[in-house]
Amino acid sequence: MDQAVNSSALGAVAASGLSPLDLFLHASIVVKLVMLGLLGSSAFVWAVIIEKIILMRRVNREATAFEDKFWSGGSLDDLYDSDGAKPLHPMAAVFGAAMGEWRRSARIPGVDLARGGVRDRVDRAINITIVRETERLSRRVTALATIGPVAPFVGLFGTVWGIMHAFGSIAAMHNTNLSVVAPGISEALFATAIGLVTAIPAYVAYNLISGAIDHFAERMEAFGTEFAAILSRQSEERS
C-alpha cells in the first residue's frame, strides 16, 4: 500500500502547526480528495440554501401581490390577460390554468358550464399546475436530503483511511511520542469535521426549505379551491 502519510509529512505538520490549511496540505492524497469533495458539496449546499431563500421570499411576495389584485374586485378576464395568460410566478400559473380551461370550455358551442365535466377539467388543471409548480420550487432540494446523511460517512471514510496511513508511518518511525502521533491523527479527524460541517447545514436546510415549500403548496391549493368555487358559481349563474 502506498505510504502517502510518511514520517517527513508528520514532521512537517508537527513543525508548522495544526491549522486547517496545514492539515489539508499534509494529508494523504485520498484524504485530500475526500476533503475536496466535501468542500465542493458544502459550497453546493450553501448555493442551494441561498437560492431557495431568495426564491421562496420572491414567490410569497408575488403571491401576496397577486391575491390582492384578485380580491380587489376587478375583472377576472382582465386579470387573466395581464397575469394569467403568461404567468410569471406560481400563483398566477394556478389562476391562469383554471381560467384558461374555463374560457376554452365556454367557447364550446352549446356547452353547459355548470356540468360536472367542466368543473372536473378545471380542478384537474389546478391540481396539475400545483404539482408542476411545487416540483419546480423543489428542484435541487432533494440533493440536500442526500448530502445530509451521506457527508458524515464520507468524512468518516477519510478519517479511517488517514488513521491507517498515520499509524503505518508512526510504526515506521518507531516513535509514539504525542507530538508525532497528534498531527497524523488530526489530519484524519479533520475529514470528519468537514463532513459534519457539510451535513448539518444540509440537513437543517432540507427540513426548513421543504416545510416552506409545503406551506406554499397548501397556499396554492387553498387559492385554487376558492377560485374553482368562484368559477362554479359563475357557471351556474350563466346557465
* With respect to LEU18, determine if the residue is out of contact with any strand residue (DSSP E or B) (no Cβ under 9 Å at 6 or more places or on another chain), at pLDDT below 95 and either in a helix (DSSP H, G or I) or open to solvent by less than 50 Å² (accessible area, probe 1.4 Å) (or both). => no
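Suppose the filter is closer than 25 Å to PHE157 by Cβ and either aliphatic (A, V, I, L, M) or at pLDDT 90 or above (or both); does PHE44 pass it? So that I can check it myself, show each step before the final result.
Values: closer than 25 Å to PHE157 by Cβ: yes; either aliphatic (A, V, I, L, M) or at pLDDT 90 or above (or both): yes.
In short, yes.
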* Asked: Pick from the range 54-78 the residues that are at pLDDT 90 or above and surrounded by 19 or more Cβ atoms within 10 Å (Cβ to Cβ): which of them is farthest from PHE216 (Cα to Cα)?
  -> PHE66
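Pull up the range 34-50, narrow it to residues that are surrounded by fewer than 16 Cβ atoms within 10 Å (Cβ to Cβ) and touching a residue at least 12 places away in the same chain (Cβ under 8 Å), then point me to the one that is farthest from HIS215 (Cα to Cα). Step through it out loud before you land on a result.
Taking the range 34-50 first, the residues surrounded by fewer than 16 Cβ atoms within 10 Å (Cβ to Cβ) are 36, 39-40, 43, 46-47, 50.
Filter once more, keeping what is touching a residue at least 12 places away in the same chain (Cβ under 8 Å): 39, 46.
Working: LEU39: 31, TRP46: 22 Å.
Among them, the one singled out is LEU39.
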* To do: Report whether or not THR192 is among the polar types (S, T, N, Q), modelled with pLDDT under 90 and open to solvent by 30 Å² or more (accessible area, probe 1.4 Å).
  => yes
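The values are calculated or read from the model by the stated rules, or taken from the named source; none is laboratory data. Everything numeric in this text was worked out from a predicted model, so none of it was measured. No Cβ is skipped: glycine too gets one built from the backbone with ideal geometry, and neighbour counts run over all protein chains shown. The protein model used for the area step is the full one, side chains on, heavy atoms only, and it has no ligands, DNA or RNA in it. Shrake-Rupley method; radii C 1.70, N 1.55, O 1.52, S 1.80 Å.
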